[in-house]
Structures are given as C-alpha cells and as structure tokens.
Amino acid sequence: SYEDAQREQQYALRLAEATYGKADPRVVPALERTAAWFEAQGRFFSARQMYSRCLDIVRKDGGNYDLRTVGPLRGIARTYRLEYFIGPETAEGGADDAGLSGGVGAQPAAPSSANGVSMANVLNPDGEDALEFALKVFDFHPGEALAQRADTLIELGDWRLTAGTTRTAMEAYREAWKALSTPGAAGTAALDSPVAIVYRAPTSARPPKADQEKYTQRHAEVEFTVTADGRVHGATLGANDAGDIAG
C-alpha cells in the first residue's frame, strides 16, 4: 500500500541519517531516492523539498559548482514542469524537516508570484533557472559528464518548448546535438526520434473570430523535411480538398 511504501522510504532515510548524520553528503543518495519516489507519486512539492535539501548538503560540502549539484537541480526543474502539466500536489502534509510526512494531511496552497498571481497554472521560472545553473556547473568541468550535460540541454529545450519559446528551445536542442556528437559522447540516439512533449489542454477553447457562416473548414496535407539541426526544408502542399483556394 501507499502507507507501507512510504514507511519503507522513511525507514531507509532515517537509517542513513542515523548512520552518517543529516548534513553528511553520504545521506544524499537516500534523499535522492526518496525524492524520486515522491516525484513518481505526484507529490511534487515534497519531492522538491528533498531535492533542495540535497542541493544544500552538496553545496556546503563541495561548493556551488560541484557536479553533484546537477542531479538535484534537474530534479527541481522536473518537478516544476510536471506540476505544471499534472497539477500541484494533492496529498496532505508537506515533507517534514527530513523530507517525509508522517501521513496524508493538507498540502500548502500553491505559491504566488511577487505580484500575487497564483503559480499553480504557470511554469515557475525557478525551474528554468535551475537548468541554466546546472549548465554553468558543467562549464567548470570541461570534458566531464558529457552525457549528463546533453541530457540537461534536452530538458532545457523541453522546458522552453513547453513555455512556447520555440527559438530558444531549438538552440538548446542544437547544442545538445553537438554535445552528443563529440568524440567520446554517447551518440545522438536520444534525438534520433521525435518525443511527445506532454500537452496541457487550455482551460477553455477560443471561439472563432468570424461568424461560422463566413468560413468553411478544409483539409490539407503538407509534406516537408526536417534537417539534422531541426530546421524545416522543402515544404510542399500534398493531398487537399481546398480546390482553387489552395493556390
């Protein structure tokens, strides 16, 4: 059951804390495992608390640009993006000081921006900031963790595409392609096939600006080639029922 699984996570984390101490870097793997479990359960607020705790411990031990900060930074960004798609955590009671709640109780209200606007239905910019900082970490470790850097770039591209900033998303994807293509890297398999970005439907559909009697709906197929760098080339009109309108 959910309660049994949570107790197992709690026990493993408490054991690590009792063995090493709550602020010891050796506790980080246990924290990350529990954060990932919360994330898988849709408990994004609690997961983010745990990732933030990991980040604090690693930074105190190795500084802001320690490679170990990348995992928690990506986790923070991912929970913000999933929260945007799926909605805020509904389980009750956020995480306690160790990152685990004793049961299911009331989740804190969704945070608001500086001007009082609810952040529940928007992409929190802190997620993009976390990914961009993670990329700065790699700049301090040239030639290291190439696959992890490419994965972070892909996540940044996904974030920006979700936010509707297509141009900057393509820049991140192109940089990821270059990173994956360098000697010693994992190869470009991660970008060989399109991957669906989860779509969050709008709360309400927009009505057409013109009266329905003033327009007709047509069908057309457009054929095009997507080049290796993500650009569209050679778009041509295929089968359609637009007739003379197609011209």
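The values are calculated or read from the model by the stated rules, or taken from the named source; none is laboratory data. The model shown is predicted, which means the values in this text are computed figures rather than measured ones. Ideal geometry is used to build each Cβ from the backbone, glycine not excepted, and the neighbour counts take in all protein chains shown. The accessibility values were calculated without ligands, DNA or RNA, using every heavy atom of the protein model including side chains. Shrake-Rupley method; radii C 1.70, N 1.55, O 1.52, S 1.80 Å.
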Task: Selection within the stretch 17-45 - over 12 Å from Ile57 (Cβ atoms) and assigned to a helix (DSSP H, G or I) - done: Ala18, Thr19, Arg33, Thr34, Ala35, Ala36, Trp37, Phe38, Glu39, Ala40, Phe44, Phe45
Task: Pick from the stretch 52-71, criterion within 22 Å of Pro125 (Cα to Cα) and in contact with a Ser or Thr (Cβ under 7 Å, 6 or more places away or on another chain), ranking: surrounded by the fewest Cβ atoms within 10 Å (Cβ to Cβ) - done: Arg59
Open item on the list: Consider the stretch 216-242. How many of its residues are assigned to a strand (DSSP E or B) and touching a Gly at 6+ places or on another chain (Cβ under 9 Å)?
Closed with: 6
Task: Single residue of the stretch 20-57 satisfying the filter (at pLDDT 95 or above and β-branched (Val, Ile, Thr)) that is nearest to Ile86 (Cα to Cα) - done: Val28
Task: Hey, Asp151 of a type in the set (Asp, Glu) and either in contact with a helix residue (DSSP H, G or I) (Cβ under 6 Å, 6 or more places away or on another chain) or buried (at least 20 other Cβ atoms within 10 Å of the Cβ) (or both) or not - done: no
Open item on the list: Taking the criterion of being farther than 24 Å from Gly62 by Cβ and part of a helix (DSSP H, G or I), would at least one residue in the stretch 131-140 satisfy it?
Closed with: no
Open item on the list: List the residue pairs whose Cβ atoms are under 9 Å apart, where the first residue sits in the stretch 144-163 and is without any contact (Cβ under 8 Å) to a residue 24 or more places away in the chain, the second is open to solvent by 30 Å² or more (accessible area, probe 1.4 Å), and the two are 6 or more positions apart or on different chains.
Closed with: Gly157/Thr168; Gly157/Met170; Gly157/Glu171; Gly157/Tyr173; Gly157/Arg174; Gly157/Glu175
Open item on the list: Out of everything in the stretch 211-245 that is among the charged types (D, E, K, R) and within 24 Å of Ser181 (Cβ to Cβ), what residue ends up being modelled with the lowest pLDDT?
Closed with: Asp229
Task: Within the stretch 3-42, tally of residues that are more than 27 Å from the chain's Cα centre (by Cα), without any contact (Cβ under 8 Å) to a residue 40 or more places away in the chain and open to solvent by less than 20 Å² (accessible area, probe 1.4 Å) - done: 1
